[in-house]
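One structure is given here, and the rest of the page talks about it.
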Amino acid sequence: MYFYLSTDRFPKASFMQRNIFPDDWMHFPRKPSEYMLFLVNDGVLYIQENEVPYELHHGDMLLLEPGHFHTGYKNAFVDFYFIHMPPDTFIPSMIETQEDLAAHFQQKKHQYYKGNPFDYGLYDSCKCLIPKTMKLPETSFQAIRGQMEESMQALAAGDEEYKLICSRNMLDILIRISKSCALSALSEAPASSELSRKDKRVEEILSLLHERYAYKWTGDEIERRLHSNFDYLNRTFKEQTGLTIFEYLTIFRINKAKEFLTNGSLKIHEIAALTGFSNEYHFNRVFARLTGVPPGKYRKANQ
């Protein structure tokens, strides 16, 4: 038996290519029916969209919109990559300010920490947010450059899966851009050094909990391990994730229990012990409260 991979919801690219133009070149006027993503490798791209001018240098990206008139406004040598994407690729957001942007990415973190990594719902809450334009970090740009070159090589080689290679690379490129945008927004937010310090603390807490999620943690023990006041740690953790430390630990344990329930034959009391619950009764009660069904019923529905 064989199965076709459904491509209905894949991000699609009509074209992924590179252009290198001499000093006397200027972008021609056009009104595209698609989104166009420009990534400048070398030189300068002088382009305006609906009379808003952009001057793009190495590492800069710009997303041009369908139905918007754009044209060059100055001659210059330029070497750039571009991707053409259908008009339903993106949905315009209502985010306008840096404060809104930072709040968006903070909320996205909260949704991830509260969610179930095995739930399809995370696809909706973890959408990539792509800026109109930004300068990408050099490491991100070089990785994107490699993915563009791979797509171009697949076309040149006549690879019959060229379109799938484009979709895979385009999704990775958009994720890299979105992550770069998030890092930039959070670093430019007020008190960014304080946010960075808090992020590091949260990472330390997460590392501790993930490595030993079945351990009978107490506030005093966490305080001792991380050499910091537990109330401060708990307050910081909730600011960054939307959950207290023990709320997060409970959700993480339940998600681990779901793995055991769907991928094995362990008895429920064994799963309870492996995920840090004191007894089967307590495990059943917490599991039902967070998922809406008891563990046995969840297992039957998902095996």
> Given Glu160, Glu149, Glu223, Glu247, which one is surrounded by 14 or more Cβ atoms within 10 Å (Cβ to Cβ), outside the structural domain of Tyr298 (by TED's automatic domain parsing) and either over 30 Å from Tyr81 (Cβ atoms) or out of contact with any Cys (no Cβ under 9 Å at 6 or more places or on another chain) (or both)?
Replying inline: Glu149
>> Can you tell me which of (1) surrounded by 15 or more Cβ atoms within 10 Å (Cβ to Cβ); (2) free of Cβ contacts under 8 Å to residues at least 60 places away in the same chain; (3) not acidic (Asp, Glu) is the one Tyr81 doesn't meet?
In response: (2)
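Could you grab me the full set of residues in segment 186-209 that are of a type in the set (Val, Ile, Thr) and either at pLDDT below 85 or closer than 22 Å to Leu129 by Cβ (or both)?
Hit for segment 186-209 is Val202, nothing else.
Of all strands (runs of 3 or more DSSP E) completely enclosed by segment 37-82, which ones contain at least 2 residues that are under 22 Å from Pro137 (Cα atoms) and touching a strand residue (DSSP E or B) at 6+ places or on another chain (Cβ under 6 Å)?
Per the criteria, 45-49, 52-56, 60-64.
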> What are the residues in segment 240-277 that are out of contact with any Leu (no Cβ under 9 Å at 6 or more places or on another chain), over 30 Å from Leu186 (Cβ atoms) and free of Cβ contacts under 8 Å to residues at least 40 places away in the same chain, if any?
Replying inline: Asn263, Gly264, Ser265, Lys267, His269, Glu270, Ala272, Phe277
> Restricting the search to segment 278-298, which residues are free of Cβ contacts under 8 Å to residues at least 24 places away in the same chain and assigned to a helix (DSSP H, G or I)?
Replying inline: Glu280, Tyr281, His282, Asn284, Arg285, Ala288, Arg289, Lys297
> If the Cβ limit is 9 Å and pairs must be 6+ apart or interchain, which residue in segment 131-146 that is assigned to a strand (DSSP E or B) pairs with which residue that is surrounded by fewer than 17 Cβ atoms within 10 Å (Cβ to Cβ) and modelled with pLDDT of 95 or more?
Replying inline: Lys135/His57; Lys135/His58
> Got a sec? Which of Phe118, Phe105, Phe90 is within 17 Å of the chain's Cα centre (by Cα), in a loop (DSSP other than H, G, I, E, B) and buried (at least 18 other Cβ atoms within 10 Å of the Cβ)?
Replying inline: Phe90
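The values are calculated or read from the model by the stated rules, or taken from the named source; none is laboratory data. Just so you know, these numbers come straight off a predicted model, no measurement behind them. As a convention, Cβ positions derive from the backbone with ideal geometry for all residues, glycine included, and neighbour counts pool all protein chains shown.
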